[in-house]
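Engineer: Sharing a structure below in structure tokens format, with a few things to ask.
The values are calculated or read from the model by the stated rules, or taken from the named source; none is laboratory data. Computed from a predicted structure; not experimentally measured. Positions of Cβ are backbone-derived with ideal geometry, glycine not excepted, and every protein chain shown enters the neighbour counts. Keep in mind that these areas ignore ligands, DNA and RNA; they rest on the heavy atoms of the full protein, side chains included. Shrake-Rupley method; radii C 1.70, N 1.55, O 1.52, S 1.80 Å.
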Amino acid sequence: MKANHNYDKLEGSYLFSKIAQKVRDHQNLHPEAKIIRMGIGDVTMPLCDAVISAMHNAVSEMGDIRTFRGYGPEQGYSFLQMAIHDYYAQRKIDLDEKEIFISDGAKSDLGNILDLMDLDNRVLVPDPVYPVYVDTNVMAGRAIEFMNATEENGFLPQPDPSVQADVIYLCSPNNPTGAVFTRDQLKQWVDYAREKGALILFDAAYEAFIRDPQLPRSIYEIPGAKECAIEFCSFSKTAGFTGVRCGYTIVPRTLNADGADLNRMWTRRQTTKFNGVSYISQRAAEAVFQPEGMRQVKANIDYYLGNAAVMMEALDTLKIPYVGGANSPYLWLKCPNQMDSWSFFDLLLKEANLVVTPGAGFGKNGEGFCRLTAFNTRENTIEAMERIKRIL
Ligand code: PLP
């Protein structure tokens, strides 16, 4: 057997293990220290009651010979596709049921979508970036190019008409920066992609955090996007499904690339390599879209956004520049006094018992920045900001 040596080209995922090691060393030196983690990338609130009740019902159905379900449709159950259809219809986005594919989360689909693409594509990825976009392409042996997300462009790169891209990754609200594309900015990308015949892979995993009605929550709010974009979404951050596993991907039927029908190809890919998401998870996801479920998941997101507001207020007081926080669980702050990411990380850990995520771990443009997340408790978030104020 010959191994896929593209794996040798992957950069080590040292970021989180290096953070964990530094935190362990610090805790060993100071066993009494109450460390607060402001770098948590996972949700912390439990599933809401509407979801739990739907899961209990689904479990009971699975235990009764009259309602037991075995393999379901690979693309997902119609009841969940219809619930997603209606969710988009509220925003005047018309989706066909066959354009909605249920999956076990956005991460799998973001990796699997590359099955549809030739190796010889020019792929643009923002820097800093959610590492999955980079690593999945490297594993496949595909070269990628970075586009700079910097302070100057508000961490939202815009298209360069002189570049002929074939595939473009966009994530809004962004992980790690928390920046959100405006309608006009996203329109620039849609127009560019249509002109160049490029495909946009749009990651909307954090759409539910957008509260400003002027900001687009789906790329399909932009006219023409159904001709050039695939959208990935997830219940992970919307409804706390990081451990339940359910997401969805929209592949429009109007998407034609290089003479190929991407919707047909993705259907074929999923029916061949995937056997669907558990019935229990899909019933749980359906409950998210019902009025009571919507109300309850919104309350959880409001709580996280309340934490983000606490952090924004503290950073404003300290006059530390940042983006994100208002429509996102992430805040991306500029390290004070020209410190690099790891120096600021070390300072916060040593002087304030606080853990953040160094921006340098997300790409070269992340150097000099740090990511804070809103997924801690309100009490810890307030305490963390008090500590930052005390040391700066
Ligand atoms: N996309 C982004 C930008 C994310 O930050 C994450 C999770 O952290 C995912 C996708 C993956 O989500 P899922 O849990 O649905 O696989």
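Engineer: Residue check, E379 against (1) open to solvent by 40 Å² or more (accessible area, probe 1.4 Å); (2) in contact with an Asp or Glu (Cβ under 9 Å, 6 or more places away or on another chain); (3) of a type outside the set (F, W, Y), all met but one. Which one?
Structural biologist: (2)
Engineer: Return yes when K98 is within 16 Å of the ligand (Cβ to nearest atom), at negative phi and open to solvent by 20 Å² or more (accessible area, probe 1.4 Å) and no when it is not.
Structural biologist: No.
Engineer: Can you find even one residue in the range 109-122 that is open to solvent by 40 Å² or more (accessible area, probe 1.4 Å), within 15 Å of the ligand (Cβ to nearest atom), of a type in the set (S, T, N, Q) and within 17 Å of C246 (Cβ to Cβ)?
Structural biologist: Checked against the condition, which is being open to solvent by 40 Å² or more (accessible area, probe 1.4 Å), within 15 Å of the ligand (Cβ to nearest atom), of a type in the set (S, T, N, Q) and within 17 Å of C246 (Cβ to Cβ), the range 109-122 yields at least one hit.
Engineer: Go through G141, G178, G240 for me and flag whichever is away from the ligand (no atom under 12 Å from the Cβ) and at positive phi.
Structural biologist: Exactly one residue qualifies, and that residue is G141.
Engineer: Now, a different point. Suppose we keep only residues that are farther than 16 Å from F344 by Cβ and open to solvent by 70 Å² or more (accessible area, probe 1.4 Å) within the range 14-29. Which one would you say is modelled with the lowest pLDDT?
Structural biologist: Filtering first and then ranking leaves Y14.
Engineer: Condition test on E195, is it under 24 Å from L262 (Cβ atoms) and surrounded by fewer than 20 Cβ atoms within 10 Å (Cβ to Cβ)?
Structural biologist: The answer is yes for E195.
Engineer: For R268, are the conditions met, namely being open to solvent by 70 Å² or more (accessible area, probe 1.4 Å), within 16 Å of the ligand (Cβ to nearest atom) and closer than 30 Å to F68 by Cα?
Structural biologist: No; evaluated as a whole, the condition is false for this residue.
Engineer: Right, next: G39 - would you say it is open to solvent by less than 50 Å² (accessible area, probe 1.4 Å) and in a loop (DSSP other than H, G, I, E, B)?
Structural biologist: When the stated conditions are applied, G39 passes them.
Engineer: Would you pick out the residues in the range 149-170 that are farther than 23 Å from F232 by Cβ, open to solvent by less than 50 Å² (accessible area, probe 1.4 Å) and either free of Cβ contacts under 8 Å to residues at least 12 places away in the same chain or assigned to a strand (DSSP E or B) (or both)?
Structural biologist: none
Engineer: Residues of the range 335-348 being on the phi < 0 side of the Ramachandran plot, part of a helix (DSSP H, G or I) and surrounded by fewer than 21 Cβ atoms within 10 Å (Cβ to Cβ), which ones?
Structural biologist: Matches in the range 335-348: P336, W342, S343, D346, L347.
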